[in-house]
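The values are calculated or read from the model by the stated rules, or taken from the named source; none is laboratory data. Everything numeric in this text was worked out from a predicted model, so none of it was measured. All Cβ positions, even for glycine, are placed from backbone atoms using ideal geometry, and neighbour counts span all protein chains on display. Protein only, heavy atoms only, side chains kept; ligands, DNA and RNA dropped before computing areas. Shrake-Rupley method; radii C 1.70, N 1.55, O 1.52, S 1.80 Å.
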Amino acid sequence: MTRWLLRRVVQAALTFAVAIVLLFFLMRAAPGDPLSRLVGERNVSEQEIAVLRARFGLDQPLLSQFQAFVAGLLRGDLGVSIEQYPEKVTSLLAARIPPTLLLGGTVLLINFGVGSWLGVRQAVRRGSRFDRWLTRLALAGYATPSFWLGLVLVAFVSLRWRLLPAAQMTDPLLPLDAGFGTRAVDLLRHLILPALTLSLTSMALVMRHQRAALLTVFRLDYITAARARGLTERRVLWRHAWRNTLVPMITLLGLWLPILVTGSLFVEAIFNWPGLGSLAANAINARDYPVLMGTAMLVSGAVIFAGLLADIGYTVADPRVRPT
Amino acid sequence: MIAGRLLAPLLMLFGAAAAEARQRPPDHGTIVIVVGREPSTPVPTLLGQKSNNDVSDLLFLRLAHPGRGLITADEKSFEPELARSWTRRDSLTLVFDLDPRARWHDGRPVTARDVVWSFNRMRDPAIDPANALLLRYLSSVTAVNDSRVVLTFRKSYSEQFFDATYHVQPLPAHLVDTIPPERFATSAFVQSPVGNGPYRWVRREAGRSLELAGNQTFFLGSPKLDRVVILTAGDADAQMNLLLDGSADVYEALPPVSGPPRIAGNPALRFQTQPSFGVLFLLFNQRAYGDRSRPHPILSDRDVRLALAMALDRTPLLHSTFGAFARLANAPSAQAHWTSTLVPNGPAYDPAGARTLLERRGWIDRDGDGVREKDGVPLSLRLNVVASSSPRLIMAPQVQEQLRRIGVRIEIVRLEGPVWNGRRNKGEFDIDFSSSVLDPSPTGIVQSWSCAGRSGTNVAQYCNPSVDSLIETAISSTRDLERNWRTAYASLQRDVPAIWLATPSVLFAVHTRYRGVTLRPESLYSTMWRWSVDPTRRIARDGTSQLAQ
């Protein structure tokens, strides 16, 4: 088991290294000079542009730039943003990770909490009106583009009914002396709409997976045997059937975990949510290589790490796939 | 741990608690402005982008400011700012006496040394070529004593006083004179500037918000809006929604067609328009694509450029994009310029005439594919458009279609900002869909439309010495000013270096609780320190918040 785990970790690290190399060179192959914007938009002199080019190492050959990047990475230094100089990339990422985790975590929690539970209810009441309507609603939500749903929710909930704020993560004018409770409520009020937008458009996947997995398990002999032994339906469902649906659900969770860090670009834009998605989008627009590398590494790292976690999850949930 | 990390940015946001606090008077309050582009370097010499200019004008004053009519050639209409008074020794020499009450936000007095240092910095072509060109007639700036500055010009001309006062916003020499010019943009001063205007810097959260506080010791009068928060929201829907749900009080970039009806139904908001200094135009590259050593194989022919201009019916283009909120442009002169009424009409819409002109120049569609050719070269041009500009994206396909009708193939090249900028600066375009916010004085024309501007913003490398000479005559004249400007514009039009399309208005929405809201085209918020809140219509953020000192 330890050898398997070690091998799997080494594989993940290698994949990450390959991803970094590809990301670095592909980004620089894209057209666009990160400093050209300073000439047009900020009136920075050519003299200063030359100094900045040297400072960011952009006047060096690509291989030297890569060496400098790797050396920095080994020291835990991702460099300094070109667009938002002199902000460190790590500081920018650190500022954006909490909002991203908050939104992504909430969505994950709603999808796998509420979505799984609804999927179970659907499987139990298969063919009922409840099952049919929920299936229709879930698929309608899944087919709805998140940016459209976001705009509709804002139009009604924020602008017409005035129930929740339309955008931002916090009210920038919250009184300076506001207490923890006021701030938490403010945060929650701003979180509801973006989280709901992302959940409503993606929860169907979890519900359908959960429903299908449970229906498959319901047909197996050991469930019939459990019922024949006189176990309560509740015990059969949660103790025997549901536990055996965990493997496909862990696979799904593994695929979904990266959302925690990637965020959703459209939803972040509509709600002006200060997450990694909007940071990455701005960095792409500005060709801010250091920030772009930082966000891209974070995303690819999350994907690889989630895959690793899912593999470990299988071995915990299903002894049959446990390496010997 | 997680909770701590989640709350950290919140605590940072609100954590800079006021050391002292006081209750606000009844007409004082807060204003929240939502913008699409972050004012990341709102410091003189680094401006260029509108949002930077707007914030810079709240932080830094000029010696004097043009009066409401914006007659930049009328010295008498200027209003004092840092300079309490001025006198003319002769037609070449201006003497400014600084207001002894003027102070930097760190408490130091504004001195003649600050003014001299700033002028010298901005006149250096290596540092600020665009401003250096505008200040080319200024021969010296000297400090007589701490409060008196003498500006000497090489020649007498009508906009001399404007040049003396508008282009340079003095910087605090005691804080910036040790910063090498090549390190200025990235200096600590730019991260937290110290100005002398009605507002002082509080903090910026990169990519999110900027906060300014009223300078309660401002020598021209204490601002009534004590707190200005500028929110950055990249998405146009988010900007509008922040205004409509009351999170923001001001939005200055209402979409011209869909915006006004949404504001009209909201009693808390007022809609205002303001002439701008913006101009949209199709810029013809005079040199070959990406090779400035050769003339452009198609567009160096003035008759071809004229034919393209004649083939465009600009009125429907304008209405489909801006509704009623723009005027046709006929030259690099915007609707807020005092010379805008002097600009003759451009080439009339005449597609038949355009076809004849092209045929006369040898451009004929011999193979019947709908595109004209000459010596085997098709009349095909690349139109570079920046993907972030909605008006330009709306207009580009209409331009393409209208020119197709006279046998010209236009390939629309939609580019992201940095790529578009890069190609523009390197001359990698046939036609560039450009937009400029022009200088308030018509003399700014030299930046992009003169031979001298070729090392700066004249990216199309347009150069005609006889046009230069007529522009120079207009700038230099003190008599027959209007006639000379009319002649200069007409000569530029005859060359057709561009097709000028539109000069749009600023569409501005503001909460109705503010009183005394006036806007200035050259500096939207420069009078904001005089705005106030109707005491009967205060909302929570005007009254309950306490004011940072």
key: In the stretch B:470-501, the residues that are over 24 Å from residue B:282 (Cα atoms) and either touching a residue at least 40 places away in the same chain (Cβ under 8 Å) or of a type outside the set (Asp, Glu) (or both)   = B:473, B:474, B:475, B:476, B:477, B:478, B:479, B:481, B:482, B:483, B:484
inquiry  = Can you find a residue that is touching a residue at least 12 places away in the same chain (Cβ under 8 Å) and within 14 Å of chain A (Cβ to nearest Cβ) anywhere in the stretch B:102-119?
reply    = no
request  = Report yes if some residue within the stretch B:468-489 is of a type in the set (D, E, K, R), out of contact with any Cys (no Cβ under 7 Å at 6 or more places or on another chain) and under 30 Å from residue B:217 (Cβ atoms); otherwise report no.
outcome  = no
request  = Can you tell me which residue among B:55, B:32 is outside any loop (DSSP other than H, G, I, E, B), modelled with pLDDT of 70 or more and within 9 Å of chain A (Cβ to nearest Cβ)?
outcome  = B:32
Unique match (being at pLDDT 90 or above, within 14 Å of chain B (Cβ to nearest Cβ) and either open to solvent by less than 20 Å² (accessible area, probe 1.4 Å) or more than 24 Å from residue A:188 (Cα to Cα) (or both)) among A:106, A:90 = A:90
request  = Note down all Cβ pairs under 6 Å where the first residue falls in the stretch B:77-93 and is β-branched (Val, Ile, Thr), the second is at pLDDT 95 or above, and they're at least six residues apart or on different chains.
outcome  = B:87/B:95; B:93/B:152
key: Residue among A:96, A:7 that is away from every other protein chain (no Cβ under 14 Å) and charged (D, E, K, R)   = A:7
query = Restricting the stretch B:426-440 to residues that are open to solvent by less than 20 Å² (accessible area, probe 1.4 Å), within 14 Å of chain A (Cβ to nearest Cβ) and in a loop (DSSP other than H, G, I, E, B), which is nearest to residue B:298 (Cα to Cα)?
reply = B:429
request  = Consider residue B:257 carefully, then state whether it is crowded, with 19+ Cβ neighbours inside 10 Å and among the β-branched types (Val, Ile, Thr).
outcome  = no
message = Quick test of your reading of the structure: residue B:453 fulfils all but one of (1) open to solvent by less than 30 Å² (accessible area, probe 1.4 Å); (2) closer than 28 Å to residue B:315 by Cα. Name the failing condition by number.
response = (2)
query = Pairs, please: C-beta under 6 Å, at least 6 apart or cross-chain, first residue assigned by TED's automatic domain parsing to the domain that holds residue B:70 and in the stretch B:141-159, second among the charged types (D, E, K, R) and open to solvent by 70 Å² or more (accessible area, probe 1.4 Å)?
reply = B:143/B:113
inquiry  = Which of the numbered conditions does residue A:270 fail, given that it passes all the others? Conditions: (1) at pLDDT below 90; (2) open to solvent by less than 60 Å² (accessible area, probe 1.4 Å).
reply    = (1)
message = Among the residues in the stretch B:284-291, are any assigned by TED's automatic domain parsing to the domain that holds residue B:455, loosely packed, with under 15 Cβ neighbours inside 10 Å, in contact (Cβ under 8 Å) with a residue 40 or more places away in the chain and not aromatic (Phe, Trp, Tyr)?
response = yes
inquiry  = Among the residues in the stretch A:122-132, are any in contact (Cβ under 8 Å) with a residue 24 or more places away in the chain, closer than 27 Å to residue A:237 by Cα and surrounded by 22 or more Cβ atoms within 10 Å (Cβ to Cβ)?
reply    = yes
query = In the stretch B:308-327, is there at least one residue being hydroxyl-bearing (Ser, Thr, Tyr), under 28 Å from residue B:68 (Cα atoms) and either in the same structural domain as residue B:236 (by TED's automatic domain parsing) or surrounded by fewer than 17 Cβ atoms within 10 Å (Cβ to Cβ) (or both)?
reply = no
inquiry  = Among the listed residues B:538, B:515, B:483, B:520, identify the single one that is out of contact with any helix residue (DSSP H, G or I) (no Cβ under 6 Å at 6 or more places or on another chain) and more than 28 Å from residue B:79 (Cα to Cα).
reply    = B:538
key: Close pairs (7 angstrom Cβ cut-off, 6 or more residues apart or separate chains): polar (S, T, N, Q) in the stretch A:241-254, open to solvent by less than 50 Å² (accessible area, probe 1.4 Å) anywhere   = A:244/A:217; A:245/A:210; A:245/A:213; A:245/A:214; A:245/A:217; A:251/A:310
ask   = Only one residue in B:450, B:469, B:491 is under 21 Å from the mean Cα position of the chain (by Cα), within 30 Å of residue B:310 (Cα to Cα) and not assigned by TED's automatic domain parsing to the domain that holds residue B:202, so which one is that?
value = B:450
query = In this structure, does residue A:299 turn out to be within 27 Å of residue A:27 (Cβ to Cβ), within 13 Å of another protein chain (Cβ to nearest Cβ) and β-branched (Val, Ile, Thr)?
reply = no
key: Within the stretch B:392-425, tally of residues that are over 29 Å from residue B:356 (Cβ atoms) and either within 11 Å of chain A (Cβ to nearest Cβ) or assigned to a helix (DSSP H, G or I) (or both)   = 14
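This table checks each residue for (1) of a type outside the set (Val, Ile, Thr); (2) touching a helix residue (DSSP H, G or I) at 6+ places or on another chain (Cβ under 9 Å); (3) open to solvent by less than 40 Å² (accessible area, probe 1.4 Å); (4) within 29 Å of residue B:211 (Cα to Cα).
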{"residue": "A:141", "(1), (2), (3), (4)": "yes, yes, yes, no"}
{"residue": "A:147", "(1), (2), (3), (4)": "yes, yes, no, no"}
{"residue": "A:150", "(1), (2), (3), (4)": "yes, yes, yes, yes"}
{"residue": "A:155", "(1), (2), (3), (4)": "yes, yes, no, yes"}
{"residue": "A:161", "(1), (2), (3), (4)": "yes, no, no, no"}
{"residue": "A:166", "(1), (2), (3), (4)": "yes, yes, yes, yes"}
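Okay, residues lined up against (1) small (Gly, Ala, Ser); (2) in contact with a strand residue (DSSP E or B) (Cβ under 8 Å, 6 or more places away or on another chain); (3) under 28 Å from residue B:33 (Cβ atoms):
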| residue | (1), (2), (3) |
| --- | --- |
| A:178 | yes, no, yes |
| A:203 | no, no, no |
| A:221 | no, no, no |
| A:230 | yes, no, no |
| A:233 | no, no, no |
| A:239 | no, no, no |
| A:258 | no, no, no |
inquiry  = Are there helices (runs of 4 or more DSSP H) fully within the stretch A:1-56 with at least 2 residues that are modelled with pLDDT of 85 or more? List them.
reply    = A:2-29
query = So which of B:443, B:518, B:527 ends up being under 24 Å from the mean Cα position of the chain (by Cα) and either under 30 Å from residue B:290 (Cβ atoms) or surrounded by 20 or more Cβ atoms within 10 Å (Cβ to Cβ) (or both)?
reply = B:443
Top-ranked residue of the stretch A:172-189 - restricted to ones that are surrounded by 13 or more Cβ atoms within 10 Å (Cβ to Cβ) and either more than 8 Å from chain B (Cβ to nearest Cβ) or more than 24 Å from residue B:233 (Cα to Cα) (or both), ranked as modelled with the lowest pLDDT = A:177
inquiry  = Quick test of your reading of the structure: residue B:498 fulfils all but one of (1) in contact with a Ser or Thr (Cβ under 9 Å, 6 or more places away or on another chain); (2) in the same structural domain as residue B:304 (by TED's automatic domain parsing); (3) open to solvent by 30 Å² or more (accessible area, probe 1.4 Å). Name the failing condition by number.
reply    = (3)
